[in-house]
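Written out below as C-alpha coordinates is the structure these notes cover.
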Amino acid sequence: MEQDNYIACLAETKASHNIPHSYRHAMSTDPDQWIIPMEIEMDTLKSKHTWDLVKPPPGANIMDSMWVYDIKWDGEGNHIKDKARLIGKGYTQQLGIDYNETWAGVTRLESVRMTTAIAAKLNLKLWRIDFISAYLNSLTKENII
(Lines give C-alpha, C1' and ligand atoms only; values in the text may rest on other atoms or scores of the structure.)
Protein backbone atom coordinates (compact mmCIF):
# COMPACT_ATOMS: atom_id res chain seq x y z
CA MET A 1 0.00 0.00 0.00
CA GLU A 2 1.42 3.34 -1.03
CA GLN A 3 1.33 6.09 1.53
CA ASP A 4 1.37 9.78 0.62
CA ASN A 5 3.43 12.06 2.82
CA TYR A 6 2.56 15.73 3.07
CA ILE A 7 4.47 18.42 4.85
CA ALA A 8 2.95 21.77 5.75
CA CYS A 9 5.18 24.53 7.05
CA LEU A 10 3.98 27.81 8.53
CA ALA A 11 7.01 30.03 9.09
CA GLU A 12 7.32 33.13 11.23
CA THR A 13 9.58 35.83 9.86
CA LYS A 14 9.46 38.36 12.71
CA ALA A 15 12.45 36.95 14.58
CA SER A 16 14.85 37.78 11.77
CA HIS A 17 13.65 41.37 11.24
CA ASN A 18 13.70 44.49 13.33
CA ILE A 19 10.00 45.02 14.05
CA PRO A 20 9.54 47.72 16.70
CA HIS A 21 7.75 46.78 19.91
CA SER A 22 6.64 50.36 20.68
CA TYR A 23 6.26 53.83 19.19
CA ARG A 24 9.43 54.95 20.97
CA HIS A 25 11.35 51.98 19.53
CA ALA A 26 10.03 52.69 16.00
CA MET A 27 11.01 56.36 16.19
CA SER A 28 14.46 55.63 17.64
CA THR A 29 15.41 52.89 15.14
CA ASP A 30 13.99 53.91 11.74
CA PRO A 31 11.29 56.61 11.80
CA ASP A 32 11.31 56.96 7.99
CA GLN A 33 10.25 53.30 7.65
CA TRP A 34 7.31 53.57 10.07
CA ILE A 35 5.93 57.12 9.67
CA ILE A 36 4.20 56.35 6.35
CA PRO A 37 2.35 53.21 7.60
CA MET A 38 1.28 55.18 10.70
CA GLU A 39 -0.05 58.03 8.53
CA ILE A 40 -1.94 55.51 6.35
CA GLU A 41 -3.53 53.97 9.46
CA MET A 42 -4.57 57.39 10.83
CA ASP A 43 -6.00 58.44 7.43
CA THR A 44 -8.00 55.19 7.27
CA LEU A 45 -9.36 55.64 10.80
CA LYS A 46 -10.37 59.23 10.02
CA SER A 47 -11.96 58.34 6.66
CA LYS A 48 -14.07 55.62 8.32
CA HIS A 49 -15.11 58.10 11.03
CA THR A 50 -13.95 55.67 13.68
CA TRP A 51 -14.31 58.09 16.58
CA ASP A 52 -15.53 61.50 17.69
CA LEU A 53 -13.34 63.60 19.95
CA VAL A 54 -15.39 64.57 23.02
CA LYS A 55 -14.76 65.66 26.58
CA PRO A 56 -14.93 62.67 28.93
CA PRO A 57 -17.61 62.62 31.61
CA PRO A 58 -16.43 62.87 35.23
CA GLY A 59 -15.02 59.59 36.55
CA ALA A 60 -14.72 58.00 33.09
CA ASN A 61 -12.14 55.26 32.62
CA ILE A 62 -10.14 56.52 29.63
CA MET A 63 -8.68 53.64 27.63
CA ASP A 64 -5.21 54.34 26.27
CA SER A 65 -3.91 53.22 22.88
CA MET A 66 -0.64 52.02 21.42
CA TRP A 67 0.99 51.34 18.07
CA VAL A 68 1.64 47.80 16.83
CA TYR A 69 3.99 47.22 13.90
CA ASP A 70 4.52 44.39 11.45
CA ILE A 71 6.06 43.59 8.08
CA LYS A 72 3.97 41.81 5.42
CA TRP A 73 5.63 39.17 3.22
CA ASP A 74 4.48 37.21 0.18
CA GLY A 75 4.67 33.43 -0.15
CA GLU A 76 8.25 33.56 -1.40
CA GLY A 77 9.48 35.71 1.49
CA ASN A 78 9.57 38.99 -0.41
CA HIS A 79 8.79 42.20 1.47
CA ILE A 80 5.35 43.53 0.52
CA LYS A 81 4.84 46.43 2.92
CA ASP A 82 5.26 47.73 6.44
CA LYS A 83 2.12 47.96 8.57
CA ALA A 84 1.23 49.99 11.63
CA ARG A 85 -2.00 49.63 13.61
CA LEU A 86 -3.34 51.85 16.36
CA ILE A 87 -4.99 49.61 18.93
CA GLY A 88 -6.80 50.17 22.20
CA LYS A 89 -5.32 48.86 25.41
CA GLY A 90 -8.41 46.86 26.26
CA TYR A 91 -6.83 45.45 29.41
CA THR A 92 -7.50 48.82 31.08
CA GLN A 93 -11.26 48.29 30.81
CA GLN A 94 -13.38 47.18 33.74
CA LEU A 95 -15.95 44.36 33.49
CA GLY A 96 -19.49 45.68 33.92
CA ILE A 97 -18.40 49.31 33.50
CA ASP A 98 -16.65 49.55 30.12
CA TYR A 99 -17.82 46.21 28.73
CA ASN A 100 -20.03 43.22 29.55
CA GLU A 101 -18.70 40.58 27.17
CA THR A 102 -15.72 40.15 24.87
CA TRP A 103 -15.39 38.87 21.36
CA ALA A 104 -12.56 38.90 18.84
CA GLY A 105 -12.72 37.82 15.24
CA VAL A 106 -9.54 35.77 15.01
CA THR A 107 -8.66 32.51 13.34
CA ARG A 108 -7.92 29.50 15.50
CA LEU A 109 -4.61 27.80 14.70
CA GLU A 110 -6.45 24.47 14.47
CA SER A 111 -8.52 25.88 11.59
CA VAL A 112 -5.39 27.04 9.76
CA ARG A 113 -3.74 23.63 10.19
CA MET A 114 -6.84 21.76 9.00
CA THR A 115 -7.27 24.01 5.96
CA THR A 116 -3.59 23.63 5.06
CA ALA A 117 -3.75 19.83 5.40
CA ILE A 118 -6.87 19.58 3.22
CA ALA A 119 -5.31 21.84 0.59
CA ALA A 120 -2.15 19.71 0.56
CA LYS A 121 -4.12 16.44 0.28
CA LEU A 122 -6.27 17.75 -2.57
CA ASN A 123 -3.34 19.54 -4.28
CA LEU A 124 -5.07 22.92 -3.96
CA LYS A 125 -3.46 26.34 -3.92
CA LEU A 126 -3.96 28.60 -0.91
CA TRP A 127 -4.30 32.36 -1.22
CA ARG A 128 -4.05 34.92 1.54
CA ILE A 129 -6.39 37.88 1.72
CA ASP A 130 -5.49 40.96 3.75
CA PHE A 131 -8.54 43.10 4.51
CA ILE A 132 -7.66 46.72 5.08
CA SER A 133 -9.43 48.02 8.18
CA ALA A 134 -12.29 45.54 8.27
CA TYR A 135 -14.65 47.09 10.81
CA LEU A 136 -17.82 45.55 12.10
CA ASN A 137 -20.84 47.74 12.57
CA SER A 138 -22.79 46.90 15.68
CA LEU A 139 -24.64 48.83 18.30
CA THR A 140 -23.18 48.97 21.79
CA LYS A 141 -24.99 49.54 25.08
CA GLU A 142 -21.95 51.17 26.71
CA ASN A 143 -20.53 54.60 26.05
CA ILE A 144 -17.10 54.09 24.51
CA ILE A 145 -14.73 56.82 25.62
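The values are calculated or read from the model by the stated rules, or taken from the named source; none is laboratory data. It should be emphasised that the depicted structure is a prediction, and the values quoted were computed from it without experimental measurement. Because the Cβ atoms are built from the backbone with ideal geometry, glycine has one as well, and the counts that use them run over all protein chains shown. Side chains included, ligands, DNA and RNA excluded: accessible areas come from the protein's heavy atoms. Shrake-Rupley method; radii C 1.70, N 1.55, O 1.52, S 1.80 Å.
Overview of results
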read-out: Three-way shape call for the stretch 75-119 based on the alpha-carbon gyration tensor, with the a/c threshold at 1.5; value: oblate
read-out: Accessible-area composition of the stretch 71-123, carbon plus sulfur, in percent [1.4 Å probe]; value: 54
read-out: Overall form of the stretch 42-114 per C-alpha gyration tensor (a/c, 1.5; a/b vs b/c); value: oblate
read-out: Cβ-based charge dipole, the stretch 42-127, positive-most Cα from Ala60, Gln94, Thr107; value: Thr107
read-out: Listed residue pairs exceeding 21 Å between alpha carbons, taken from Lys83/Lys125; Lys55/Lys89; Lys46/Lys89; value: Lys83/Lys125
read-out: Extension gain from Ile71 to Leu122, taking 0.36 nm per residue of separation minus the Cα-Cα distance; value: 15.3 nm
read-out: Estimated vicinal HN-Hα couplings, Hz - the stretch 47-61 in sequence order (Karplus 6.51, -1.76, 1.60; Gly, Pro = x); value: 5, 8, 6, 5, 8, 10, 7, 9, 6, x, x, x, x, 5, 8
read-out: Antiparallel content of DSSP bridges confined to the stretch 15-123, in %, to 5; value: 90
read-out: Estimated FRET transfer efficiency when R0 is 25 angstrom, pair Ser111-Ile36 (beta carbons, to 0.05); value: 0.15
read-out: Rounded FRET efficiency, nearest 0.05, which uses the C-beta distance separating Leu45 from Lys81 and R0 of 25 Å; value: 0.90
read-out: Prolate/oblate/rounded label for the stretch 21-62 (Cα gyration tensor, a/c 1.5); value: oblate
